[in-house]
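In what follows, a structure is listed as structure tokens, so that the remarks can point back to it.
Please treat every number below as a calculation from the coordinates, not as lab data. Computed from a prediction, not measured in an experiment: that's the story for all the values here.
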Amino acid sequence: MNRLTLVIALLGVLTVAQPAAAVDPGPVHQCGTFVSYKPATATGSGELVIGSTTYATSSGGIRPGSSTSSPGPFNQVIAPGATIGSQVCLDGTIGNSQTTANLLTDFTVTPAPVATTAPTSLPSTNSQTSTNAGDLTFVWILLALGILAVVAVVIARKRRATAT
């Protein structure tokens, strides 16, 4: 019975756990808060964080769609005015890598455009809110805890029944 409890607990944890979001290879455009940047070195990749997405930055190597190695670094630009904590836009290319998720090769980070005019119409009051997987985490946790509670009650009853 202990194995069954362990299996159910592991299934509950795996149900709640969410994998890191990987971006498909190809062009990428994302705007958000500039969280951090660590440039790549000759010996390792760097890191760029925009909003909640983390990108690895490449120091060189094979360019996407090519079979030859690039002799120098990729074109990677952090524009003046794009500072940590500011709103920025990332335009770049995600390389096809089997070992590194979200591997940026060429990229440019620029300050996000500032809206100068007010919206011409108000949002619809009939629009429905979207619910993505991140919004349901609390529900999944409650469901997993409920399952574990039921398993604990069943085990306690079986032990009580065999003891008498």
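Annotation: amide H of Q76 within the under-5 Å range of F107, sequence separation 5 or more or interchain, hydrogens built in the peptide plane. Here the 3J(HN,Hα) profile of the stretch 25-36, calculated from phi with Karplus coefficients 6.51, -1.76 and 1.60 at θ = phi - 60°, is x, x, x, 9, 9, 9, 10, x, 6, 7, 8, 6 Hz, Gly and Pro shown as x.
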